[in-house]
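Let me begin by presenting the structure, written as structure tokens, before commenting on it.
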Amino acid sequence: MNLAPGKIIGTPIQRLEGPEKVSGRAIYATDVVLPGMLWAKVLRSPISYGRIKKIDARQALAIPGVRAVATGEDVKGLLIGRKIYDMPVLADGVVRFIGEKVAAVAADSEAIAEQALALIAVEYEEMKPLLDPLEALKPTATLLHPKVSDYRGLLHPIETPSNGFVDMTWKKGDVEAGFRESDIIVENTFTTKPVHQAYIEPHACVVEARGGSKAEIWACSKVPFALREQVATAFGKSTDDFIVRPAYIGGCFGGKGDFMDVPVCYVLSLKSGRPVKMVMDYTEEFIAGNPRHAALIKVRTGVKKDGRIVAHRMEFLFDSGAYAAFKPQGYLYGVQEV
């Protein structure tokens with residue numbers, strides 16, 4: 001079909017979802033309301049690194065309106081991730097970052113759930129955290145994941161456990177020869193800081209367990225099929241046991257491709273026998289969301305006097321945080337083979 005350029009270029013095209021969004025008909029995860037639905041809140045670690053010595057949730061369970069409380073004991077040994085499965089559904093004896101999920105409550109209202117959280121007593125044995133990625137890679141550094149070699153989804157075998165869980169190299173040509181031929185070599189080091197995506201909609205989900213282990217899921221996820229697979233794999237179930245109902249997403253910018261609080265809501269729904277909703281507030285988003293990671297980047301470039309680039313080497317070190325679970329391919333897309 002031949003169309004004059006003026007018929008396409010410069011012609012505004014209506015967004016297909018536009019009328020639903022501006023009219024308020026669009027359904028986001030936080031809009032989902034089901035009969036008998038409970039509200040979930042999560043108790044998060046106040047320390048960077050330490051052992052959980054004791055959790056006492058008896059007072060929380062005694063509050064009228066509290067229907068279920070879950071801790072790491074309820075999901076012991078269950079790990080989840082997008083590619084590499086290394087994150088406990090709830091902290092399993094150890095916390096590795098401020099904001100990690102330690103316990104979860106499902107109650108008749110959000111206010112009751114928050115009240116219950118305040119009554120859960122947790123005793124920690126605080127340990128020295130690893131805050132510098134260069135220090136974390138030293139052979140003498142504390143090993144955050146002693147069983148890293150056994151994790152499902154590793155990109156390559158890890159013969160000697162370390163805090164560096166992905167080490168990949170891509171190469172084209174003889175780079176060292178290029179540097180020897182260079183008239184000028186320029187070297188730079190760049191650093192970036194963690195950056196939250198600042199989407200308007202915080203993470204939200206609703207999970208309704210049905211018929212034993214089966215469940216329906218509503219979540220602000222841009223990858224519904226991957227979400228289904230992640231949850232099924234973590235709990236040792238079939239993907240046929242889960243139905244994911246896609247919802248509109250109120251902003252993503254790279255931050256809505258993970259499972260976030262769906263596994264916890266699933267556990268609470270199983271325990272309570274009722275659908276469970278959770279919506280993160282922005283305090284939780286900033287301490288436990290999925291921001292862009294910090295990086296240390298070293299660049300070395302060799303050039304000839306006529307301006308030709310004859311050698312180029314880039315070394316990326318990502319401060320990946322405590323877990324690999326949120327990385328889309330086990331590593332971050334800041335660098336990859338092309």
Within the range 226-236, which residues are surrounded by fewer than 17 Cβ atoms within 10 Å (Cβ to Cβ) and assigned to a loop (DSSP other than H, G, I, E, B)?
Gly236
Strands (runs of 3 or more DSSP E) contained entirely in the range 15-86, each with at least 2 residues that are surrounded by fewer than 16 Cβ atoms within 10 Å (Cβ to Cβ):
50-56
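Let's see how each residue does on (1) among the hydrophobic types (A, V, I, L, M, F, W, C); (2) touching a residue at least 40 places away in the same chain (Cβ under 8 Å); (3) surrounded by 15 or more Cβ atoms within 10 Å (Cβ to Cβ):
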| site | (1), (2), (3) |
| --- | --- |
| Val195 | yes, yes, no |
| Val206 | yes, yes, yes |
| Trp218 | yes, yes, yes |
| Val223 | yes, no, yes |
Of the conditions (1) touching an Asp or Glu at 6+ places or on another chain (Cβ under 8 Å); (2) open to solvent by less than 60 Å² (accessible area, probe 1.4 Å); (3) not basic (Lys, Arg), Ile243 satisfies every one except a single condition; which number is it?
(2)
Could you list, ordered by first residue, the pairs with Cβ atoms under 7 Å in which the first is in the range 69-82 and in contact (Cβ under 8 Å) with a residue 40 or more places away in the chain and over 17 Å from Val276 (Cβ atoms) and the second is open to solvent by 60 Å² or more (accessible area, probe 1.4 Å) and not hydrophobic (A, V, I, L, M, F, W, C), at least 6 apart or interchain?
none
Thr140 fails exactly one of the following numbered conditions: (1) in contact (Cβ under 8 Å) with a residue 12 or more places away in the chain; (2) more than 23 Å from the chain's Cα centre (by Cα); (3) more than 30 Å from Pro64 (Cα to Cα). What is the number of that condition?
(1)
Given (1) touching a residue at least 12 places away in the same chain (Cβ under 8 Å); (2) assigned to a loop (DSSP other than H, G, I, E, B); (3) among the charged types (D, E, K, R), identify the lone condition not met by Glu114.
(2)
The range 269-338: strands (runs of 3 or more DSSP E) wholly inside it with 2 or more residues that are within 30 Å of Gly164 (Cα to Cα), modelled with pLDDT of 90 or more and open to solvent by less than 50 Å² (accessible area, probe 1.4 Å) are 294-303, 309-319
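The values are calculated or read from the model by the stated rules, or taken from the named source; none is laboratory data. This structure is a prediction, so every number in the text was calculated from the model and none was measured. Neighbour counts are summed over all protein chains in view; Cβ atoms, including those assigned to glycine, are modelled from backbone coordinates with ideal geometry. For accessibility, only protein heavy atoms count, side chains too; no ligands or nucleic acids. Shrake-Rupley method; radii C 1.70, N 1.55, O 1.52, S 1.80 Å.
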